[in-house]
Amino acid sequence: MGRAVPDGPPPAPVAQRLVVRYAKRGRMRFASHRDIARAVERGVRRAGLPIAYSAGFSPHPRISYAGGAQTGTASEAEYLELGLTGPCAASDVRDRLDAALPSGIDVIEVLEMTGGPAAGQLDALGLEASDWEVVLPGVTPADAARAVEVFLAAGTAEVERLTGKGIRRMDARAAVVKLEVDRRAVNERDAACAILRMVVRHMTPAVRPDDILTALRQLAGLAPSSPPLVTRLAQGPLGIEAATTPAPGPTGAAGIAVPAGTTAQASQPTGQSLGQGQTTRLGAGSAGMADAAPASAYDQLLRGAECPETDLRAREPDGRMPGCSISSHRIEKMTVTGQDRPLM
């Protein structure tokens, strides 16, 4: 017996694939990946983009995501791929989608790959590693530097993380390509707050910045006075130096490369610059992201302390995402005088 198919014409095929680089800022860093995906789908519909859909009885928009930053971390380099049924200018897609997304999810650039509408455009980016910035409140740069030295000298740094499938054990040291103390904390800010810059290789199982902080606490007793602020500054391919060095030392910060064969339409928000860091490979030295990095988590910490960003809401009080007219959770019933009545 053949497989049942829905009535009607098949969905329109994908004619163009665009890669979107977006940022997750402010309170939106507390939104889960599922919340982000729902917000993007609504934004695509509001922007009127000719998004393609899958076939079957439950069609879904052709939107795929690269490995997203964990809940609670900000990011300046998240990637997704849009499958469109008709050609659109990358600059037009950038402007329309950015205007339709909620505050805190900002479209930075749109890349049109030269390989055509074939699948796997995200793979062409070569996202092999991430450049992270971690702010450690209550930790002096001197203490952070000593902890980094101990960590880099260790052959292994095994840590445990509780997952949905139980406790997972991993070697945090094996994933670290570069780790150093950012000197901006010493030269520009109060020395009681240290900033770490780390380039972490994408592995299976994935090693996250909090796993590295756990290893620093176990090996050197490094413990911030309050939860650290973590921001992903860039993703990209590893340079030759980083890929061939098994135990790197605390050298300069890293940049990221836009892959060859792409055309980018970049959006630069006020006070932020992509700069020349976007043409430097990860592991290529300190001339990349250090000077061209977007607004850092350290700056976000100070702004949050002086003037909270009340317009950046991860959720409405009733559970809705910003701008959504329908609650995202079912209103339960309660018993009143022996009868079931809805709360609303």
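The values are calculated or read from the model by the stated rules, or taken from the named source; none is laboratory data. This one's a predicted model, so the numbers in the text were calculated from it and none came from an experiment. No Cβ is skipped: glycine too gets one built from the backbone with ideal geometry, and neighbour counts run over all protein chains shown. Surface areas here come from the heavy atoms of the whole protein model, side chains and all, with no ligands, DNA or RNA. Shrake-Rupley method; radii C 1.70, N 1.55, O 1.52, S 1.80 Å.
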Residue check: is A12 closer than 17 Å to L82 by Cβ, of a type in the set (A, V, I, L, M, F, W, C) and within 13 Å of the chain's Cα centre (by Cα)? no
Failed condition for M198, given (1) closer than 23 Å to T71 by Cα; (2) more than 23 Å from the chain's Cα centre (by Cα); (3) open to solvent by less than 10 Å² (accessible area, probe 1.4 Å), with all others met? (2)
Quick check on P224: is it under 30 Å from V20 (Cα atoms) and assigned to a loop (DSSP other than H, G, I, E, B)? no
Condition met for Y22 (closer than 30 Å to P228 by Cβ, among the aromatic types (F, W, Y) and open to solvent by less than 40 Å² (accessible area, probe 1.4 Å)): yes
Could you grab me the full set of residues in region 122-152 that are open to solvent by 10 Å² or more (accessible area, probe 1.4 Å), small (G, A, S) and outside any loop (DSSP other than H, G, I, E, B)? A124, A142, A145
Members of region 161-183 that are assigned to a strand (DSSP E or B) and either out of contact with any helix residue (DSSP H, G or I) (no Cβ under 8 Å at 6 or more places or on another chain) or among the hydroxyl-bearing types (S, T, Y) (or both): L162, T163, G166, I167, R168, R169, D171
With respect to A191, is the statement that it is assigned to a loop (DSSP other than H, G, I, E, B), at pLDDT 50 or above, surrounded by fewer than 16 Cβ atoms within 10 Å (Cβ to Cβ) and more than 17 Å from the chain's Cα centre (by Cα) true? yes
What number of residues within region 88-108 satisfy the criterion of being in a strand (DSSP E or B) and either of a type outside the set (D, E) or modelled with pLDDT under 95 (or both)? 3
Mind checking whether some residue in region 35-57 is closer than 19 Å to L233 by Cβ and out of contact with any helix residue (DSSP H, G or I) (no Cβ under 7 Å at 6 or more places or on another chain)? yes
Just to be sure I understand, how many residues within region 45-87 are surrounded by fewer than 20 Cβ atoms within 10 Å (Cβ to Cβ), more than 22 Å from the chain's Cα centre (by Cα) and either of a type in the set (S, T, Y) or in a loop (DSSP other than H, G, I, E, B) (or both)? 13
Has region 213-220 got at least one residue that is surrounded by fewer than 18 Cβ atoms within 10 Å (Cβ to Cβ) and part of a loop (DSSP other than H, G, I, E, B)? no
Please determine whether any residue of region 105-127 is closer than 29 Å to P228 by Cβ and of a type in the set (S, T, N, Q). no
For region 46-93 the number of residues that are in contact with a Gly (Cβ under 8 Å, 6 or more places away or on another chain), more than 30 Å from D210 (Cα to Cα) and among the aliphatic types (A, V, I, L, M) is 2
